[in-house]
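Notes for the one structure printed next.
The values are calculated or read from the model by the stated rules, or taken from the named source; none is laboratory data. Please read all numbers here as calculations on a predicted model, not as lab measurements. Using ideal geometry, Cβ is built from the backbone for each residue, glycine included, and neighbour counts are taken over all protein chains shown. Just the protein is used for accessible areas: all its heavy atoms, side chains included, with ligands, DNA and RNA removed. Shrake-Rupley method; radii C 1.70, N 1.55, O 1.52, S 1.80 Å.
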Amino acid sequence: RRARPCNPSFNSLGTIYNAGEANSAAVVARLKELCAERGWKLKAVTVANSSEVAQAAQALAAEKPQAVYVPGDNTVYQAFDAVIGAAQAAKIPVVVDAPGLAQTPGALAGVGVGHFHAGKAAALPLAQVLLGAKPAQIPITNVSTERVRLNNQTAQELGIQWSPFILQMQAMTQDPAE
């Protein structure tokens, strides 16, 4: 949903993931649904281990998707530089779900959960337990907040101009600790 403001003609996305990681499989299943709803082509390449990532990234880059999205996949993270290298060589932007990885040279952006607020929110139930509360009596709350981080150097190298909407998303999701 963030791709269209940067490129109104956006219609193809690539991703690499380990189908054996339940979190990645769930994200890619949802990604397939979202791409189908929007009429986008999705090229999903699976890997079984990090030694397969470089070849998968090269194969994906040869397909020429308009962008590559890296979900929170530990296998792919282990060889993230290979994804970046293949994408850079093909001039394909890479968006990762870990905002902290957005500053990796060659990554365009990171859109995902910010951990500052989650860590801060965890202090309250921890204090309750330390003061004698039973964990089963403490309600579970979702404290996840989206963070958007942009890599201006990579954007410049790819000739991408940030839309006001994207710049506003980054400004609105800035962590106080950053």
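A few points about this structure:
- The single condition among (1) closer than 30 Å to Pro105 by Cα; (2) open to solvent by 90 Å² or more (accessible area, probe 1.4 Å) that Arg149 does not meet is (2).
- Qualifying positions in the stretch 23-46 - open to solvent by 80 Å² or more (accessible area, probe 1.4 Å) and either without any contact (Cβ under 8 Å) to a residue 24 or more places away in the chain or in a helix (DSSP H, G or I) (or both): Arg30, Lys32, Glu33, Glu37, Arg38
- Those residues of the stretch 91-140 which are closer than 30 Å to Gln156 by Cβ and of a type in the set (A, V, I, L, M), in sequence order: Ile92, Val94, Val95, Val96, Ala98, Leu101, Ala102, Ala107, Leu108, Ala109, Val111, Val113
- Counting only residues that are among the charged types (D, E, K, R) and within 19 Å of the chain's Cα centre (by Cα), the stretch 39-63 holds 2 of them.
- Condition met for Thr75 (under 11 Å from Ile16 (Cα atoms) and out of contact with any Asp or Glu (no Cβ under 7 Å at 6 or more places or on another chain)): no
- The residue that is modelled with the lowest pLDDT, among those in the stretch 1-22 that are of a type in the set (S, T, N, Q) and either open to solvent by 50 Å² or more (accessible area, probe 1.4 Å) or under 20 Å from Phe165 (Cβ atoms) (or both), is Asn7.
- Residues located in the stretch 126-141, provided they are touching a helix residue (DSSP H, G or I) at 6+ places or on another chain (Cβ under 8 Å) and modelled with pLDDT under 90: Thr141
- Picking from residues in the stretch 47-105 that are of a type in the set (D, E, K, R) and in a helix (DSSP H, G or I), the one that is most open to solvent (accessible area, probe 1.4 Å) is Asp81.
Yes/no matrix, rows are residues, columns are (1) over 22 Å from Pro65 (Cβ atoms); (2) over 18 Å from the mean Cα position of the chain (by Cα):
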| site | (1), (2) |
| --- | --- |
| Leu108 | no, no |
| Gly119 | yes, yes |
| Pro125 | yes, yes |
| Pro135 | yes, yes |
| Thr145 | yes, no |
| Ser163 | no, yes |
| Thr173 | yes, no |
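- Here Gly114 passes the criteria (1) open to solvent by 20 Å² or more (accessible area, probe 1.4 Å); (2) touching a residue at least 40 places away in the same chain (Cβ under 8 Å); (3) closer than 25 Å to Thr145 by Cα; (4) not polar (S, T, N, Q) except the one numbered (1).
Here is a yes/no grid of residues against (1) in contact with a strand residue (DSSP E or B) (Cβ under 8 Å, 6 or more places away or on another chain); (2) assigned to a loop (DSSP other than H, G, I, E, B):
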position: Lys120; (1), (2): no, no
position: Ala123; (1), (2): no, no
position: Val129; (1), (2): no, no
position: Ala133; (1), (2): no, yes
position: Ala136; (1), (2): no, no
position: Pro139; (1), (2): no, yes
position: Arg149; (1), (2): yes, no
position: Glu157; (1), (2): no, no
position: Ile166; (1), (2): yes, no
